[in-house]
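What follows is a single structure, written as C-alpha cells, with notes after it.
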Amino acid sequence: MQRADAAARAEVLRREIERHDHAYYVLDQPTLPDAEYDHLYRELQAIEAEHPQLLTEDSPTRRVGGKPLAGFVPVRHAVPMLSIRTETDTDASGARAFDARIRRELGLGDEPAPIEYAVELKFDGLAINLRYEQGILIQAATRGDGETGEDVTQNIRTVHCIPLRLRGDVPEIIEVRGEAYMSRPDFEAYNEKQRRLGKATLVNPRNGAAGSIRQLDPAMAAERPLSFYAYGLGESRGWAIPATHSGVLDALALFGLPVCEHRATVQGADGLIAFHSRMRQARDGLPFDIDGVVYKVNSLALQLRLGFVTREPRWAVAHKYPAEEMLTTVEAIEVQVGRTGAITPVARLAPVFVGGVTVTNATLHNETEARRKDVRIGDTVIVRRAGDVIPEVVSVVLARRPRRDLLGDEPLYPAFELPKACPVCGSAVERPEDEAIARCTGGLICPAQRKQALLHFAGRRAMDIEGLGDKLVEQLVDAAIVKTPADLYKLGLLAMVKLERMAEKSAMNLLAAIEKSKVTTLARFIFALGIRNVGEATAKDLARFFGNLDALMAADTDRLQQVPDVGPVVAASIARFFAEPHNVDVIEQLRAAGVGWPDGEPAASVSSPISGKTFVLTGTLPGLARDEAKDMIEALGGKVAGSVSKKTDFVVAGAEAGSKLDKAQTLGITILDEIQFRELLQK
Ligand code: IVH
C-alpha cells in the first residue's frame, strides 16, 4: 500500500476500532461480532508493522505489547490529589452530620432551602489521574502521596474502557480522576484460573487492581484486567468547566469516559440517606466492590467557598457500609460434596457479620488452596463476603494461631487433610494428578450426586427417557423413590401417582418411555453412566473399540489408552469409575432389569464418502437441527468436532456462523451450506 493510502486507512481503522471499544467497554452494547473486530484490528496491526512511522500515541494497538519497565517514574501532580473524609458509622447519622456541617459552614443554618448534593459510589480500587492533551491520553499516574505519584501509563493503556483519545470538542488539557478497579467477574475468573492451575490467588479485587497497576511488565498487567470509573477533575485548560459536579461528570461521559450510572443529584440530608440505603440494597448485585457512597456538594462555586482542611475537601464525605472482610475464628473444617462429586473443604466459623449478613461457613475451595492458605482449627482468619458469591477464607492471621504450649511454636492442630472416603456415600475420594479438585467416585450411588446423575442418565443423547426432567427427578429423589438409575426400572405406577401433581396418564407415559429406553446402544449406555471426562464422542469410540461392556469394564489404563483419542486422564477416570464396587453394582442391576443393546456396534460403512472425515458445525442451518446433522454424519462413519483445526475436513455453516467460519476460510477448509451438505451425504 502507498504510504498516503496506508495513513488514511490506518486512521479510518483506528476511529472504527475506537467506536467499537467505546460501545463494548463503556456502553456495554457491542456493535460488532468479535471476529469482525479482530479483522479490523489485525489489518491495523499489519499497516503499522509495514509503516512504523504511522504508529500514533492513541492507536488501539498500543493497548498491548509495551516493553517491561525497569521502574516507575515519579510524576508531580499539577493539582494535588486529595483524599476524602470518611463517616465511619454506617447508619443515617453520618449523612445528617455532614449536611448539618455544610449548612453551618455556609451560614445557612435557618434557611429552609436544602443543599443540592451529587451522590455517587465509593469504588474500592486505586485512584488514577489521566492526563489528556488535545484529547490524547499522554499520561496516567497513581495518587502516591497526593503530591507525587508514579507514571503507570503503559499499564493503564491495557484498560480497555479508558479512551486513548477523547471524543467531541475536547479541551486543550484535561486531567480526569477516577478509580481503576477489578470487576468481580474478572476477579472470579482470574482466581478460578489460578485455582485450576494450583497457583496463588488474589486476596480481593482491590489487591488485584493494585497488583495489576504496579506490574512493571504490561503483559502481566493485561492478564489481570481492570476497569475504570471517572469521578472528578484535576488540571484543565481551554474548557468552560460546567457549574456543577454532576455537570462535569455528564461532560466526561460525553468525552467517552466511563462514568458510573449509579449516581444522582439529591436535596438535603434526606436525599443523602435515601441514596445510602438504596445503594446498600443494590450493593450485592453490583459487578464491582464498593465500600460506601460519596456525597459531594454539587455546586462548584459552593465547593470553592467551602475549601479544604489539610488534605481533605470540606465539601465531600464518604459514608461507609459494613465491611466485606472481617476477622473470626475457625471452629471446624468439614467437606461438602457437590452435585458433580467435587469435594469442597468448608470452614465452620464463629458467627461474624460480614458484608451485611451473618456468616457461619466459608469455602476453602479445594485441597490445594486449603493447604496453601494453611487454614487450621482454632485459627483466626479473614473472611470475605462480597456480592452474591459464597463467603471465603482469604487468609490466616498466623500470629494468633493456637500453640501447644506457651514457649514452643508447635501448632495445636495439624494441617488440613482431605478425607479418603466421601462423607456422604463412603465411596473412595480421588484426586487426579494435575487437578486441583478431588471428587467422590461414587457417581451412580452418591446421594449428593443423585439428581445430576439421573438427569444425565435420562438425557436425550444418553438413555433418552422422554418426560424425565428436572422437576420429576427432584420429586423422585426427594421422596426417596429413586436412588440410582437402576431404581428407574423398578418404578411402579402406584409409587408415581402418589407424587404431587402426577396424573395417571403422565405416569403411564413415563413408564412407557422407561420401558422403551431398555433397548439402546452400547455407546449411549456408556455415555449415560456419567463417567467423568467421557463425553458422547469418547463413549462412541469406546463402544466401537471394545464392542461389549464386559471388555470395557475389565480394561486397565494401558488397554484403555489404545482407544483412539483416549489419553491418560480419560483412561484414569474410566478405570476409577469401574473400580468403585457401588458403580458396578448399579450396572449389574441395570442389566438384570433388561437394559441392553444389540451385540457390537454397527460398524461404519466403508463405502461412505465421509467415513473417517471430521466435520465442524457452526451457525444455524435452516432445515436441520444440530443434533440431527450430527447423527447423520456419525451414522455414515464421520466425526463431529467442536472447533476448527487443520484436521477439519468440512465445515457446515448456517446463519450467523462466527469465528469458526472465519477460521475455516483462513485455513482453506471446504465449507458447505445445508444443501451442499445434504448432497454430500446422498452420495
Ligand atoms: S472523590 C476531592 N469520589 O476514595 C475528593 N473518591 O480518599 C477526591 N474514591 O482513594 C476523591 N470512589 O480513589 C472520590 N466517587 C468517588 C470515589 C473516590 C472512590 C476513592 C479515591 C481515594 C479515596 C478518597
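A short reminder: the numbers here are calculations on the coordinates, not readings from a lab. Worth saying up front: this structure is predicted, and the values here are computed from it rather than measured. Reconstructed Cβ throughout: ideal geometry from the backbone, glycine too, with neighbour counts over all protein chains shown.
Side notes on the structure shown:
- Segment R214-V12, extension gain: residue separation times 0.36 nm, minus the distance between their alpha carbons: 69.4 nm
- Percentage, to the nearest whole number, of Cα pairs in segment 12-88 over 16 Å apart: 66
- Under-5 Å amide H pairs with D291, H placed in peptide plane, nonlocal only: K122, D124
- As a proxy for reagent exposure, ranking T328, T310, T620 by other Cβ atoms within 10 Å from fewest up yields T310, T620, T328.
- Model label points for L55 and Q2, set 7 angstrom from Cα along the Cα-to-Cβ axis, are 2.6 nm apart.
- Pairwise centroid distance, computed over Cα atoms, of segment 121-142 with segment 366-436, Å: 40
- Taking Cβ separations below 4.7 Å as the criterion for a possible disulfide partner, the isolated cysteines in the chain are C161, C260.
- Restricting segment 208-312 to GluC sites (Glu not before Pro) that sit in a DSSP loop and have at most 11 other Cβ atoms within 10 Å of their own Cβ leaves E261.
- Estimated Rh, segment 606-683: Kirkwood, alpha-carbon pairs, angstrom: 12.3
- For the chain: Kirkwood Rh in Å [reciprocal of mean 1/r, alpha carbons]: 30.3
- DSSP-defined antiparallel bridges as percent of all bridges, the chain, nearest 5: 85
- Here segment 546-664 is treated as an ellipsoid with the same Cα gyration tensor; its semi-axes, largest first and in whole Å, are 33, 18, 15.
- A Förster distance of 56 Å, applied to the separation of the beta-carbon atoms of S83 and R559, puts the FRET efficiency at 0.25.
- Nitroxide proxy distance, nm - points 7 Å out along Cα→Cβ at D434 and A342: 2.0
- The calculated FRET efficiency for Q281 paired with E105, based on their beta-carbon distance and R0 = 30 Å, is about 0.45.
- Spin-label pair A655/D270, simplified geometry with 7 Å Cα→Cβ offset, distance in nm: 5.4
- Straight Cα distances below 29 angstrom link K613 to the lysines K540, K630, K639, K646, K647, K660, K663, K683, with same-chain residues fewer than 8 positions distant left out.
- Per-residue packing, averaged as other Cβ atoms within 10 Å, sorts the ranges 183-193, 25-35 into the order 183-193, 25-35, beginning with the highest.
- Debye log10 I(q)/I(0) at q = 0.13 Å⁻¹ for segment 157-209, Cα point scatterers: -0.49
- Pair-distance distribution P(r) for segment 76-138, from all Cα-Cα distances in 5 Å bins starting at 0: 3, 10, 15, 18, 15, 14, 10, 9, 5, 1 percent.
- What the Cβ-Cβ distance of A253 and D550 gives, at R0 = 51 Å and to the nearest 0.05, is a FRET efficiency of 0.15.
- Per-selection Kirkwood Rh - segment 219-311 (Cα, Å, 1 d.p.): 15.7
- Alpha carbon convex hull of segment 467-548, volume per residue in cubic angstrom: 101
- Those lysines that a straight Cα-Cα span of less than 18 Å connects to K471, excepting residues fewer than 8 apart in one chain: K451, K483, K498, K505
- Chain lengthening between A323 and V64 when straightened (0.36 nm per residue, less Cα-Cα): 89.7 nm
- By the count of neighbouring beta-carbon atoms within 10 Å, fewest first, D487, D550 end up ordered D550, D487.
- Nearest 10 degrees, 0 to 90: helix 245-254 Cα axis against the chain principal axis: 50
- Paramagnetic reach from A113 (point 7 Å along Cα→Cβ, amide N under 20 Å) across segment 249-284: 265-272
- Segment 78-232 - convex hull of alpha carbons, volume per residue in Å³: 166
- Sorting the segments 94-105, 393-404 by their mean number of nearby beta carbons within 10 angstrom, highest to lowest, gives 94-105, 393-404.
- Cα-based equivalent ellipsoid of segment 1-136: semi-axis lengths in Å, sorted from largest, via gyration tensor: 47, 20, 15
- Most to least packed among 653-663, 668-678 [average Cβ atoms within 10 Å]: 653-663, 668-678
- Ranked for footprinting exposure by Cβ neighbours inside 10 Å, fewest first, M81, M632 give M632, M81.
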